[in-house]
1. If I filter segment 17-35 for residues that are loosely packed, with under 14 Cβ neighbours inside 10 Å, part of a loop (DSSP other than H, G, I, E, B), more than 18 Å from the chain's Cα centre (by Cα) and modelled with pLDDT of 70 or more, do I get at least one hit?
2. Yes or no: Thr96 surrounded by 14 or more Cβ atoms within 10 Å (Cβ to Cβ), modelled with pLDDT of 95 or more and in a strand (DSSP E or B)?
3. Being of a type in the set (D, E, K, R), surrounded by 13 or more Cβ atoms within 10 Å (Cβ to Cβ) and assigned to a loop (DSSP other than H, G, I, E, B) is the filter here, so list the residues in segment 38-78 that pass it.
Amino acid sequence: MTKKNRFIHKLGALLFLLLMISATAVGQAVFGNITGTVTDPSGAAIPDLVVSIRDTEHGIDYETKTNSSGNFTQTHLISGRYDIHVSAPGFAEFTTASVVQVDVTTRVDVQLQIGASTSSITVNVEAPIMKTDRADVSTSLTSDEIEKLPILDRNLFNLMIALPGTARPNTVGAVSLAEDQQGDPCR
């Protein structure tokens, strides 16, 4: 193989790699959602009610309305802490805090209690352990969690396969040793 052919081969491999990276980057999720149902004490849905959602870390406010079944959904939320506030005439105000994670739909169901508008109910909700609305697997790691992982060589590939739901690809030789900058020990 001549020097020119090797250069063209490497250039082609690089272009292929860039196309694959850009194609997978488009499919990456960066937002989370909040969904829920607003009901009265008897469990009946409350339609056309404004649900206020506030990003406490960035100071961004969102408003959505319940539909005829009392359901509401707010999509495209940046991961972080949110306050959800619901008020209706004849009911006590309802406020709760929730955490939104990337590619996760956080469920916040609201049951308004009968009371004066000066009454207030506050509920603290933890992030769900399991996704119940779909069957995919995803993991978000904080920088502190990454630093505490027992991966001595700091190989990003080893970090990826340490997460639940991942496996080593069975394509031996798909990437040449010259392109494997992390030095994957599987090869």
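The values are calculated or read from the model by the stated rules, or taken from the named source; none is laboratory data. Quick caveat, the model's predicted, so the values are computed rather than measured. All Cβ positions, glycine included, derive from the backbone under ideal geometry; neighbour counts span all protein chains shown.
1. no
2. Against the criterion (surrounded by 14 or more Cβ atoms within 10 Å (Cβ to Cβ), modelled with pLDDT of 95 or more and in a strand (DSSP E or B)), Thr96 does not qualify.
3. Scanning segment 38-78 gives a single hit, Asp40.
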